[in-house]
Structure formats: C-alpha cells, structure tokens
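Let me begin by presenting the structure, written as structure tokens, before commenting on it.
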C-alpha cells in the first residue's frame, strides 16, 4: 500500500477545485434572541497541489472555517464541496465516511497517546478503518518514512522532540491518503527552525501528493512558502493574494 493521493471517485472535473467553500455563513444564537455570525458569506477554492495560508486575529472565524471544511459543523447557509461532491446536506454516516477517507486534519497539539509508540499511533488509525494489521503496519511505516521518521517508529512520545511529535501528527493525517489537508497552527509550540521544517514538509507533501492544503497560521514568516494567503476578520474572508512560493527541501528536525 502506498501513501499517495487517491484518484477521485466522484465526478470532479479537472478544472474543479478539490475543496470548494461557496457563500458559507455560520450563525449561532447569542442568548438574547439575536445571532452571532462566525462566518459571513465565506468563499474559498483550493485545487490539487495548492497550499493556502489562512491568517487573522484570534476569534476572527479561522477555526470555524476549518470545522466547516472538515464537515464537523454544517453551515447555516452555503455550500461545501470536496472532490466534486456536495457535502453540506449529506447524512451523518456519509459525512463521516468523507471525513475519514478524504480529509486529513492536523492540530496544533499532536495529542499522542503516551503509552503507544509512533508506529502504534498510526496503526490504531487504520484499525478504526478496518484495515488488516499487516497492511496497517506497512502503511504506518511508510507514512513515518515520508515524514522523515523511519528510525523513530518504536519511540514513545516522551522520547520524541516537539518537532518529531508534530511529524507523527502529520503522518497520522496521511494514513487515509486524503485529498484535503486541514492544518490548525502546526508550529505554535515549536521554535523557528522546527517550525520552518514542519511548514516545508507540508509544502512538499502538498506538491508530491497533489493535496489541497489549508493551513491556519499565526506566523507570517512562513506565508511565502504557500501559494495563496487569505485573511479572516470578523468572519469575513479577504480576497486571495497569490504569493511567490519559495519551497525547498524539508529541513532536518
């Protein structure tokens, strides 16, 4: 089994984005007969092999946009399409399937289980998918190699550096060979050199696997490593600004 991008099983055309968010509004009751608008008519499109950075102040709606794109929250209005399939009004079981098979999520904190080795963290993901143990171990070892941890599979979290734990987190997100990669502040707990290493790794994976990657980041130093930057303020998304991608080989951790 190979950790590569999967051919789309849905009718997405070659010119259609992998992740498409159109006119999405997300509202919550504010407790006084009014509504709080977390997202206000947000639109975003990311094609295969594209990496977008999402910046903005705390509370501006960045996490809400990730949650909607991940199918964790249904928007009040608007459309979300993944690999050409409208996912907004799908039944829960179908949304869960799409999230499991087509979306990789990377969080700020790796949240690794202290008792499991790096390899076991990944095998457990495949156990939930019903993959055989032999194939799960093979995929886990390949994913660790992809993120530069081929010699760390038997180490537990306390035996890994912060950057290495985040690489395990990334490897875990790759286990289903996703089409979309949603990344929430992956460098917030790391120093500058390890942060750059992680962002360059995400850049390389996006290119090599043809992923549609959306990365929330507070560190504008790494925005030039992405293709497009968008800014969120008060639930409103700015027009996309194309950057000059300066990706190079991933640095050592």
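Read the figures in this text as sums done on the coordinates, not as results from a lab. The structure displayed is predicted, hence computed values, not measured ones. As a convention, Cβ positions derive from the backbone with ideal geometry for all residues, glycine included, and neighbour counts pool all protein chains shown.
I need 155, 91 ordered by Cβ neighbour count within 10 Å, fewest first.
Ordered from fewest to most neighbouring Cβ atoms within 10 Å, 155, 91 come out as 91, 155.
Sorted from fewest to most neighbouring beta carbons within 10 Å, what does the list 175, 232 look like?
Values: 175 25, 232 22.
Least crowded to most crowded, the residues run 232, 175.
In the stretch 109-124, which residues have a backbone nitrogen under 13 Å from the label point lying 7 Å from residue 155's Cα in the Cα-to-Cβ direction?
117-119
Alpha carbon centre of the stretch 62-80 versus the stretch 16-47: separation in Å?
Answer, in whole Å: 6.
Quickly estimate the mean residue ellipticity at 222 nm for the chain, helices only: each DSSP H run with n ≥ 4 gives -39500 (n - 2.57), and the total goes over all residues, rounded to 500.
The helix contribution divided over the chain gives -9500 deg cm²/dmol.
Quick one: work out the % antiparallel among DSSP beta bridges in the chain, nearest 5.
Details: 19 of 37 bridges.
Approximately 50 percent, going by the DSSP bridge assignments.
How high is the FRET efficiency from residue 16 to residue 128, r the C-beta distance, R0 25 Å, rounded to 0.05?
0.25
To make sure I understand, if each residue's beta carbon is the centre and we count other beta carbons within 10 Å, what order do 73, 82 fall in, fewest to most?
Listed from fewest to most nearby Cβ atoms, that is 73, 82.
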